[in-house]
Amino acid sequence: TIALANIQIKPDNISASYREDKSPNLSAIRLKRLFELLNSVERLKCDLFVLPEFSIPHAWLPEVTAWSRRHQVGIVCGLEHWVIQKNAFNILATILPYTDNQLNKHCYVSLRNKNHYAPLEVEHLTQSHRRVPITKCYYDLFDWRGVQFAPYLCYELADISHRGIFMSELDILIACVYNKDVQYFGDIVDSLTRDIHCYVVQANSSDYGDSCILQPTKSETHDIIRVKGGENETVLTAKLSISKLREFQVLKLSSSENKKHEYK
């Protein structure tokens with residue numbers, strides 16, 4: 001069960017995270033809203049919570065990780081810029097809880113810097129006397145609770161060779177984005193779900209919209225969730241049939257038999 005955050009990412013919060021004359025927004029009101037969302041996810045009995053790019057300040061990573069470990073709910077989200085020696089890191093966080101053989105609760109945390117910064121993002125960072133860090137380019141493939149998924153950050157999906165590197169290996173592709181050009185990225189994720197033949201979960205700022213969960217089926221059932229707008233921050237959920245997807249993928253079907261199936 002996937003929980004998708006429908007929240008608005010404030011541009012002022014993004015710029016405050018990397019500008020020298022400002023400080024990240026770590027207000028009690030903002031933290032309270034975040035934990036209201038997290039507690040909603042827990043009440044809805046979800047496995048994985050997906051949030052947009054720039055959704056959580058890096059200073060709150062310990063609190064969010066502790067919540068994930070305590071409630072055994074995974075989280076994939078983009079952190080606000082983390083400035084170290086003028087280098088502005090744009091980090092994708094994947095937080096995966098698990099229990100050991102003695103039923104003790106633990107959490108695995110993966111932090112990966114963005115492989116492709118958007119041109120406008122580079123421009124804003126440069127104007128604020130920040131640098132784009134030079135890091136090794138790589139992507140993660142996770143096998144967690146019997147499901148294989150790979151998380152991406154926004155502009156990384158614009159690289160056709162990078163978004164296809166996990167062909168035939170994915171159940172779910174997760175995209176944490178902050179993107180105004182929803183038409184362009186909408187075309188990408190629509191084709192992705194059929195080209196790679198997996199579920200696609202995309203979380204974008206609610207004012208831009210196109211936060212969605214898609215499946216590789218005929219057009220009438222292609223969109224499991226697709227949402228834009230709303231003043232209240234909320235969580236939308238969907239159950240994904242991983243076993244049915246895999247069962248279809250191993251079948252050898254004629255064109256007439258294929259028409260009878262949900263997946264395409």
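The values are calculated or read from the model by the stated rules, or taken from the named source; none is laboratory data. Note that the structure is predicted; figures quoted are calculated from it, not measured. Every residue, glycine as well, gets a Cβ built from its backbone with ideal geometry; the counts of neighbours run over all protein chains shown. With ligands, DNA and RNA removed, areas are computed over all heavy atoms of the protein, side chains included. Shrake-Rupley method; radii C 1.70, N 1.55, O 1.52, S 1.80 Å.
Quick look at the numbers
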{"read-out": "Helices (runs of 4 or more DSSP H) contained in segment 1-74 and holding at least 3 residues closer than 23 Å to Y152 by Cα, more than 17 Å from the chain's Cα centre (by Cα) and of a type in the set (S, T, N, Q)", "value": "11-18"}
{"read-out": "Inter-residue pairs, beta-carbon under 6 Å, first more than 11 Å from V83 (Cβ to Cβ) and polar (S, T, N, Q) and in segment 13-29, second open to solvent by less than 80 Å² (accessible area, probe 1.4 Å) and in a helix (DSSP H, G or I), 6+ apart", "value": "N25/N13; N25/A16"}
{"read-out": "Segment 168-193: number of residues that are within 23 Å of Q8 (Cα to Cα), of a type in the set (S, T, Y) and exposed (fewer than 13 other Cβ atoms within 10 Å of the Cβ)", "value": "1"}
{"read-out": "The lone exception for A16 - which of (1) aliphatic (A, V, I, L, M); (2) surrounded by 22 or more Cβ atoms within 10 Å (Cβ to Cβ); (3) more than 14 Å from V109 (Cβ to Cβ) it fails", "value": "(2)"}
{"read-out": "Residue among V235, V201 that is at pLDDT 80 or above, closer than 17 Å to R163 by Cβ and under 19 Å from the mean Cα position of the chain (by Cα)", "value": "V201"}
{"read-out": "Options S191, S219, S205, S243: the member that is of a type outside the set (F, W, Y) and touching a strand residue (DSSP E or B) at 6+ places or on another chain (Cβ under 9 Å)", "value": "S205"}
{"read-out": "Residue list for segment 141-163, filter: farther than 24 Å from Y18 by Cβ and surrounded by fewer than 15 Cβ atoms within 10 Å (Cβ to Cβ)", "value": "L141, D143, R145, G146, I160, S161"}
{"read-out": "Qualifying residue in segment 108-118 (condition: more than 20 Å from A175 (Cα to Cα), open to solvent by 40 Å² or more (accessible area, probe 1.4 Å) and in contact with a Cys (Cβ under 9 Å, 6 or more places away or on another chain))", "value": "no"}
{"read-out": "Test for K180: is it of a type in the set (K, R), modelled with pLDDT of 90 or more and out of contact with any Pro (no Cβ under 7 Å at 6 or more places or on another chain)", "value": "no"}
{"read-out": "Residue ID - least open to solvent (accessible area, probe 1.4 Å), chosen from residues in segment 194-225 that are over 20 Å from E53 (Cβ atoms) and polar (S, T, N, Q)", "value": "T217"}
{"read-out": "Pair list, Cβ < 7 Å and 6+ apart or interchain, from segment 172-192 residues that are more than 28 Å from Q249 (Cα to Cα) to residues that are charged (D, E, K, R) and open to solvent by less than 50 Å² (accessible area, probe 1.4 Å)", "value": "V177/E53; Y178/E53; V182/D210"}
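Matching residues to (1) more than 24 Å from D12 (Cα to Cα); (2) buried (at least 21 other Cβ atoms within 10 Å of the Cβ); (3) touching a His at 6+ places or on another chain (Cβ under 6 Å):
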residue: R43; (1), (2), (3): yes, no, no
residue: L48; (1), (2), (3): yes, yes, no
residue: V64; (1), (2), (3): no, yes, no
residue: R69; (1), (2), (3): yes, no, no
residue: C77; (1), (2), (3): no, yes, no
